[in-house]
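Enquirer: Before we start, here is the structure in question, set down as structure tokens.
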Amino acid sequence: MSLPNVKVVIGNGNMGIVSSSDDGVAGLILTGTAVSEKLELNKVYVLGAVSDLKKLGIEPETNPLAYKDVKAFYEISGDGAELHLLVVSEATTLTQICASDADSPLKKLINSAAGRIRLVGVNRNTPKEYSPTVDRCLDADVITAITSAHRVAESFNDNVSPFRLLLPALGWTGETSEMFQPREGSYNRVCVVMSSDGKFGESSSYSAAIGQVLGRAAKIAVNQNIGRVRDGAIAAKGYLTDGKTPEEHFSAWNILDEAGYIFYRTFIGKNGYYLNGDATATATSDDYCFLANGRVIDKASIIANQTYVDEILETIEVMADSGEIPTPLCKSYEASIVRAVTTQMAGEISSFSAYINPAQNILSNGQMDVQCDIVPKGVLRNINVSLSLKNPTV
């Protein structure tokens with residue numbers, strides 16, 4: 001017999017596309033140095049405002065990456081946002097941070113918050129002497145970290161502690177020919193950020209704007225795109241991770257977007273930089289090829305678990321002639337999940353439905369299957385306007 005529990009199986013392949021909650025609880029894992037009697041490496045700290053940097057002794061001169069990313073996070077999210085910070089040694093690679101080992105920094109971060117973290121940003125300030133191994137125009141460490149990070153995230157999802165990650169596109173050579181394409185992967189819990197807010201400290205590379213993008217994601221509703229234009233520009237100044245401005249890579253925007261990177265772009269008539277979208281490292285045929293879709297399903301899975309967990313090991317009446325669940329009881333269980341999701345996700349989904357087939361003999365296996373479906377909010381990714389001159393007399 002297996003341990004009694006509620007298991008939520010997330011469906012995929014059905015989209016047909018080639019608050020008081022923990023929705024915005026975020027975590028940051030960054031490389032840096034310890035500060036005597038204030039900041040320990042490999043220890044998780046919970047922050048609530050940019051002023052907490054001073055309490056931890058984090059200064060731009062000694063911990064430039066941590067200072068930059070935490071400050072950027074709160075500039076976007078606003079003070080009051082819950083942020084879990086873990087600083088590791090500067091020699092730690094992205095792959096080591098996201099390893100599947102029981103004591104890896106990523107697992108330590110998630111476990112420290114008892115699975116409440118929904119968004120994780122990982123960033124590294126590489127030393128001047130660092131010489132990356134380039135694989136398909138990118139630091140190979142990024143590519144292996146994507147796989148590791150997704151594997152860890154999937155393992156926590158099995159325990160109803162889902163989260164999504166932002167990883168930096170470090171070491172990008174600026175070339176697009178034969179470049180690594182996240183969209184060719186199957187890692188829908190990971191996004192790769194190519195936006196950069198510049199060089200910091202003694203690093204020889206342009207740092208990805210992880211704190212900034214994480215702050216935007218933490219601030220908005222789960223169904224919203226981090227590139228939503230109505231939310232305004234995310235940066236007044238910026239680069240891509242090769243050190244060039246977005247304008248210098250204008251001709252490559254479509255290539256980078258189709259490859260699955262998150263980067264700065266501009267709009268005619270608007271000041272500042274916006275994000276191009278919220279692609280995840282998976283094919284566009286995946287229902288969760290966009291961060292927003294993944295965050296919606298994560299929130300719904302948590303609500304489903306919370307709704308039904310009280311029913312575990314509950315005794316229920318069954319039909320005397322078949323051992324099946326009475327229809328009225330099925331309707332009651334359906335109503336409870338519909339009520340919970342539609343209430344807690346009001347404005348974040350278009351509709352929600354649930355169905356329990358009464359023809360389930362729970363006497364044989366003690367299991368009840370519930371089919372739930374979400375119709376998500378649509379996203380206007382492209383708007384085509386037909387415009388022409390007209391002579392009314394012709």
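Enquirer: Among what's in the stretch 301-323 and is charged (D, E, K, R) and outside any loop (DSSP other than H, G, I, E, B), pick the residue that is surrounded by the most Cβ atoms within 10 Å (Cβ to Cβ). Give the derivation first.
Expert: The first filter runs over the stretch 301-323 and keeps only residues charged (D, E, K, R), leaving 310-311, 314, 317, 321.
Still in the running and outside any loop (DSSP other than H, G, I, E, B): 310-311.
Numbers: D310: 10, E311: 12.
Result: E311.
Enquirer: Quick one: would you say I234 is under 15 Å from the mean Cα position of the chain (by Cα) and among the β-branched types (V, I, T)? Working first, answer last.
Expert: On the way: under 15 Å from the mean Cα position of the chain (by Cα): no; among the β-branched types (V, I, T): yes.
Here the answer is no, as I234 does not meet what is asked.
Enquirer: Identify the residue in the stretch 172-191 that is under 16 Å from P246 (Cα atoms) and not charged (D, E, K, R) and, among all such residues, is surrounded by the most Cβ atoms within 10 Å (Cβ to Cβ).
Expert: W172
Enquirer: Could you list, in sequence order, the residues of the stretch 246-263 that are farther than 19 Å from V213 by Cβ and either touching a helix residue (DSSP H, G or I) at 6+ places or on another chain (Cβ under 8 Å) or of a type in the set (G, A, S) (or both)?
Expert: S251, A252, E258, listed by residue number.
Enquirer: Can you report the number of residues in the stretch 324-370 which are part of a loop (DSSP other than H, G, I, E, B) and among the charged types (D, E, K, R)?
Expert: Of the stretch 324-370, the ones part of a loop (DSSP other than H, G, I, E, B) are 325-326, 345-348, 356-360, 366-370.
From what's left, among the charged types (D, E, K, R): 348, 369.
Within the stretch 324-370, residues that are part of a loop (DSSP other than H, G, I, E, B) and among the charged types (D, E, K, R) number 2.
Enquirer: Looking only at the stretch 280-289, count how many residues are in contact with a Gly (Cβ under 7 Å, 6 or more places away or on another chain) and either assigned to a loop (DSSP other than H, G, I, E, B) or within 16 Å of I220 (Cα to Cα) (or both).
Expert: The qualifying residues number 3.
Enquirer: Right, something else. Consider the stretch 185-236. How many of its residues are aliphatic (A, V, I, L, M), more than 22 Å from G78 (Cβ to Cβ) and not in a strand (DSSP E or B)?
Expert: Count: 1.
Enquirer: To continue, here is another question. Does the stretch 195-215 include one or more residues that are in contact with a Cys (Cβ under 9 Å, 6 or more places away or on another chain), over 21 Å from T144 (Cβ atoms) and surrounded by fewer than 21 Cβ atoms within 10 Å (Cβ to Cβ)? Let's see the steps before the verdict.
Expert: Here is the first cut: in the stretch 195-215, the residues in contact with a Cys (Cβ under 9 Å, 6 or more places away or on another chain) are 213.
Of the ones still in play, those that are also over 21 Å from T144 (Cβ atoms) are 213.
From what is left, the residues that are surrounded by fewer than 21 Cβ atoms within 10 Å (Cβ to Cβ) are none.
No.
Enquirer: Out of A292, A235, A281, I need the residue that is touching a Cys at 6+ places or on another chain (Cβ under 9 Å) and surrounded by 21 or more Cβ atoms within 10 Å (Cβ to Cβ). Which one?
Expert: Answer to the check: A281.
Enquirer: Within the stretch 115-146, track down each residue that is closer than 23 Å to I303 by Cα, modelled with pLDDT of 95 or more and out of contact with any Lys or Arg (no Cβ under 9 Å at 6 or more places or on another chain).
Expert: Our first condition is that a residue be closer than 23 Å to I303 by Cα; within the stretch 115-146, this holds for 115-120.
Subsequent filtering for residues that are modelled with pLDDT of 95 or more retains 116-120.
If the condition is that a residue be closer than 23 Å to I303 by Cα, modelled with pLDDT of 95 or more and out of contact with any Lys or Arg (no Cβ under 9 Å at 6 or more places or on another chain), then R116, I117 are the ones that fit.
Enquirer: Among the residues that make up the stretch 382-394, is at least one of them at pLDDT below 95, part of a loop (DSSP other than H, G, I, E, B) and closer than 26 Å to V296 by Cα?
Expert: The answer is yes, given that some residue of the stretch 382-394 is at pLDDT below 95, part of a loop (DSSP other than H, G, I, E, B) and closer than 26 Å to V296 by Cα.
Enquirer: Output the helices (runs of 4 or more DSSP H) that fall wholly within the stretch 74-161 and possess 3 or more residues being over 17 Å from the mean Cα position of the chain (by Cα), loosely packed, with under 15 Cβ neighbours inside 10 Å and not assigned by TED's automatic domain parsing to the domain that holds M179, or say none.
Expert: Per the criteria, no element qualifies.
The values are calculated or read from the model by the stated rules, or taken from the named source; none is laboratory data. These numbers come from a predicted model, not from an experiment. Ideal geometry is used to build each Cβ from the backbone, glycine not excepted, and the neighbour counts take in all protein chains shown.
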